[in-house]
2 protein chains.
Amino acid sequence: MALQKEELFLKNKNIKPTAMRLLVLQYLFSCEEAVSLNQVEEALPNADKSTIFRSLKTFEEFGVVHSIREATLTKYALCKTCTAEVHTDKHPHFHCNKCDSTICLSHILLPQIQLPEHFKLQEQEYLIHGICDKCNAIA
Amino acid sequence: MALQKEELFLKNKNIKPTAMRLLVLQYLFSCEEAVSLNQVEEALPNADKSTIFRSLKTFEEFGVVHSIREATLTKYALCKTCTAEVHTDKHPHFHCNKCDSTICLSHILLPQIQLPEHFKLQEQEYLIHGICDKCNAIA
DNA sequence: GTTCTTGCAAAATATTTGCAAGACG
DNA sequence: CGTCTTGCAAATATTTTGCAAGAAC
């Protein structure tokens, strides 16, 4: 069966592998870049937007995807190493101002900052804007 | 006159110092932290929201403020060294998950990242979430 | 049968724009 | 007069929720 990989994947994360979730996950696996809710919706014309939204929320909660908040919308990308308990897959993201694609810079360590005294760090979002390699090649 | 400082400030930036803009700027000067459109509106009950919005946009365009895009809204803070041409006042921001205040970490250098080949950097947004010193003191 | 999921509709939130009246020079 | 600004209203965009029907176990 074509979906077996996704099914196992979800079961391992303690997520019930419903048809909708499998479709969303399958699509995410096919993506090289982070995608928005709208993009998922366009890719799955028969799926309801709020169902997709809830699938993504569930995925995020169980460490399947992480979300990247951009200027006008949120994008989602598969995590490589996260679980529901620990989000270890932390990295900067790159947003191309030309083609609007968002890329996980998974191989780059999130630079650590010396916070002022008595500040406690919980999360870091490093979003870098610029022109990606493909758009640079065209220009 | 109370507003003289703000008036000069705007003229130096080539922004026409209208009454509304002076009010918004005056309020920004009084703030220690970044503020949202709603916060400005609350502080200036007689001002129209879209007017404030447009003032902030103008300020941003001319290097008076910079905007910080957070999860659910945008905040604005005065720039210290920027002009319309060059935004030099770049730094990470800290968002407190308890009191929701947003603080410019002006004294901290934005860590530079080695982008993959053929990527061109244009802008960086580093938003750090955690607990601020005040909330830490309470807890 | 109890719980979880889904689809539809609609609410909620934030941002942004159109337009006409008015201010300013 | 011509340009810029303002206030009001409304559009837009996105995220989020309520609820009833249906599926799953």
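With a threshold of 27 Å on the Cα-Cα distance, the over-threshold entries among A:K5/A:K75; A:K16/A:K98; A:K75/B:K49 are A:K16/A:K98; A:K75/B:K49. Membrane-span-like helices in chain A: DSSP H runs reaching 15 Å or more (Cα, own axis), mean Kyte hydropathy at least -1.0? The qualifying helices are A:19-30, A:49-61.
Packing order of peptides A:120-132, A:39-51, highest average first: A:120-132, A:39-51 (average count of other Cβ atoms within 10 Å over each peptide's residues).
With a cut-off of 9 Å between beta carbons, the residues surrounding B:L127 carry a summed charge of -2, where Lys and Arg count +1 and Asp and Glu -1. Near B:A137, within a Cβ-to-Cβ distance under 13 Å, what is the net charge of the other residues, with Lys and Arg +1 and Asp and Glu -1? My count for the surroundings of B:A137 gives +1. Just the number, please: Stokes-Einstein D of the range B:66-114 in µm²/s, Kirkwood Rh from C-alpha pairs, 20 °C, 1.002 mPa s. My calculation gives 178 µm²/s for D. For the protein assembly as shown, the fraction of C-alpha pairs farther apart than 26 angstrom is 53 percent. Scanning residues 5 or more positions from B:D89 or on other chains, those with amide H under 5 Å from its amide H are B:T81, B:C82, with H placed 1.01 Å from N in the peptide plane. Across the identical copies, the label point of B:E85 (7 Å from Cα in the Cβ direction) is separated from its matches by 5.7 nm, in order from shortest.
Taken about its Cα centre, the protein assembly as shown carries a charge dipole of about 140 debye when Lys and Arg each add +1 at the Cβ and Asp and Glu each add -1 at the Cβ.
Calculated [222 nm] ellipticity per residue, helices only, for chain B: -9500 deg cm²/dmol; basis is -39500 (n - 2.57) per DSSP H run with n ≥ 4, divided by all residues, nearest 500. Given 4 °C and 1.567 mPa s, how large is the Stokes-Einstein diffusion coefficient of chain A in µm²/s, with Rh as the Kirkwood radius over Cα pairs? This corresponds to a translational diffusion coefficient of 80 µm²/s. DSSP beta bridges confined to chain A are antiparallel in about 75 percent of cases.
Each reported figure results from applying straightforward, stated rules to the coordinates on display, with no laboratory input. This one's a predicted model, so the numbers in the text were calculated from it and none came from an experiment. Ideal geometry is used to build each Cβ from the backbone, glycine not excepted, and the neighbour counts take in all protein chains shown.
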